[in-house]
Amino acid sequence: MTLDLAAVYRDLHEHPELSFQEHRTAGIVAEALTSFGLIVTTGIGRTGVVGVLENGAGPTVLLRADMDGLPVLEVTGLPYASTARGTDHEGNDMPVMHACGHDVHVTCLLGATERLVADRASWSGTLIALFQPAEEWGGGAEAMVADGLYDRVPKPDIVLGQHVAPFPAGFAGVHAGVAMAAADSLSVRLHGTGGHGSRPETTVDPVYLAASTTVRLQGIVARELAATDAAVVTVGQIHAGTKSNIIPAEATLGLSVRSFDETVRTKVLAAIERIAKAEAAASGAPREPEITFEESFPLTVNEPAATERTAAALRRALGEQRVIDPGLVSGSEDVGVLATAAGAPLVYWFLGGADPSLFGDALATGRMPDDIPSNHSPFFAPLIEPTLDVGVAALVAAAREWLDSTEA
Ligand SMILES: [Zn+2]
Ligand SMILES: [Zn+2]
């Protein structure tokens, strides 16, 4: 049997599922991997699926795809556009769309696995095809590791994966070293003492506390980091109160933090905690603030030597001019968790998915088009081919670079 990858892709695209609810997708994946002859384990980290093919002595190579969609209403107008709805973790009814292209990742990994199985006489080693839930929450990879992933499947010698991106289909992009930002979102619950708006002396005002904390937090990047270090501290939410003449009992701040270096990240997060506690103490708050980490993505770091070796294999497979260096990307990923937990190097690359004809004017005008929908856009619509073809070829080439060759 050979999978019709375009049909698999259209079906997945039409039936996206929210994070940790990828039951239908996981079922399709498990069935395909079983039909290829892999040993399949389901339900790792709730909806994660892993297929293992032990094919003689040699290195263990892990290929990773993520499976979840996003709460976005699709407006691409494609014949296979999603009309799916889902219930988010707070119980809200939501539209669901594969707006980040994880359907491309699932399809390409199924295609690559089928091809590697068909060519198994020409290589030896162990192949792991891993399909991860909930990348969009930053919790899926961690959930699989916490659920005993590496007690249930062999630890890999290398972790490889790819993400579709809005540059021309037919191209791949890989950057050695720190490739994507770390992202942390956290909420800070500040406690005061409520009372009448006319008598502030009987209260501890959490609105005033929230305001002073917000201002002071901006001093972290401005006054505590070196000029050569970069980070972002954004207070994106302030919630407090119900009426203008009532001083509320508490206020909540929602923060988003981006950083490109683990030392800087640790320093910024520690400074946030220090400032929140100190401002609460300065207000005479009845209790220390509660700081809750919500989504967390580590730095995505491509191990330099492994990246050079993999990039050379990608250039041989796709063509010398078709592998670019996209530089540092400000988005975030949790694929690194799978590599760190195994003590293995990571190589994670980008796969072009946009219609190359849209870039024609860029050559003439010297300007990149800014109307090409990016990931998370309701218009995001990767070109099926050559995207799938190149995505499969890239995974196969990268895997074969690390598996032993039995060819003379
Ligand atoms: Zn995404
Ligand atoms: Zn994504």
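Throughout, read-outs are computed from the coordinates displayed, never taken from laboratory work. Predicted, not measured: the structure shown is a model, and the values here were computed from it. Heads up, the Cβs are rebuilt from the backbone with ideal geometry, glycines too, and the neighbour counts pull from every protein chain shown.
Would you kindly calculate the translational diffusion coefficient of the chain, applying Stokes-Einstein with the Kirkwood radius from alpha carbon pairs, for 10 °C and a viscosity of 1.306 mPa s, and quote it in µm² s⁻¹ without decimals? The partial results should precede the final answer.
Values: Rh = 23.0 Å.
The Stokes-Einstein estimate is 69 µm²/s.
Exposure proxy check: Val232, Val159, Val153, Val104 ranked by fewest other beta carbons within 10 Å? Before the final figure, lay out each step's value.
Numbers: Val232 14, Val159 27, Val153 21, Val104 24.
Fewest-to-most ranking of Val232, Val159, Val153, Val104: Val232, Val153, Val104, Val159.
For His239 and Phe359 in one chain, what is 0.36 nm times their gap in residues minus the Cα-Cα distance, to one decimal in nm?
On the way: separation 120, 0.36 × 120 = 43.20 nm, distance 4.34 nm.
Gain on stretching His239 to Phe359: 38.9 nm.
Provide the FRET efficiency to the nearest 0.05 for the His376-Ile246 pair, computing r from the beta carbons and using R0 = 30 Å.
0.20
At a temperature of 10 °C and a viscosity of 1.306 mPa s, determine how fast segment 15-171 diffuses translationally according to Stokes-Einstein, using the Kirkwood radius over alpha-carbon pairs as Rh; express D in µm²/s, rounded to the nearest whole number.
98 µm²/s
How far apart, in nanometres, would the label points at Arg274 and Ala230 be if each is projected 7 angstrom from Cα along the Cα-to-Cβ direction?
Each label point is offset 7 Å from its Cα along the Cβ direction, giving 2.4 nm.
Taking loop as defined by DSSP and a crowding limit of 12 other beta carbons within 10 Å, which GluC sites (Glu not before Pro) in segment 1-101 fit? List each step's numbers first, then the result.
Numbers: sites: Glu14, Glu17, Glu22, Glu31, Glu54, Glu74, Glu90; in loops: Glu17, Glu22, Glu74, Glu90.
Here the GluC sites (Glu not before Pro) that fit, given the DSSP loop and packing criteria, are Glu90.
Find the centroid of the Cα atoms in segment 310-340 and in segment 376-408, then give the distance between the two in whole Å.
Cα centroid of segment 310-340 versus Cα centroid of segment 376-408: 11 Å apart.
How far is helix 5-14 tilted, in degrees, relative to the longest principal axis of the Cα atoms in the chain, given as a value from 0 to 90 rounded to the nearest 10?
20 degrees
Could you state, as a whole-number percent, how many of the C-alpha pairs of segment 96-173 are farther apart than 15 Å? Working shown, then result.
Working: 2040 of 3003 pairs.
In whole percent, the long-distance tail amounts to 68.
Output wanted: per-residue J couplings in Hz (rounded whole) for segment 266-280, from phi through Karplus 6.51 cos²θ - 1.76 cosθ + 1.60, θ = phi - 60°, x for Gly and Pro.
Per residue, the Karplus-derived 3J(HN,Hα) values read 4, 5, 5, 5, 5, 5, 4, 5, 4, 5, 4, 5, 5, 5, 4 Hz.
Using the Cα atoms of segment 182-296, I'd like the radius of gyration and the largest Cα-Cα distance, Dmax, both in angstrom.
Answer for segment 182-296, Rg first and Dmax second: 14.9, 48 Å.
Please order His163, His102 by the number of other Cβ within 10 Å, starting at the fewest. Please report the intermediate quantities before stating the final value.
On the way: His163 25, His102 28.
Ascending Cβ contact count within 10 Å gives the list His163, His102.
Exactly which trypsin sites (Lys or Arg not before Pro) in segment 271-314 are in a DSSP loop and have at most 15 other Cβ atoms within 10 Å?
Numbers: sites: Arg274, Lys277, Arg287, Arg309; in loops: Arg287.
Those that pass, being in a loop and sparsely packed, are Arg287.
State, to one decimal in nm, how far the label point of Arg309 lies from the label point of Asp4, with both points 7 Å from Cα in the Cβ direction.
4.0 nm
Enter the mean projected area of the convex hull around the alpha-carbon atoms of segment 264-408, in nm², rounded to one decimal. Mind showing how you got there, number by number?
Values: hull surface 57.8 nm².
Result: a mean projected hull area of 14.4 nm².
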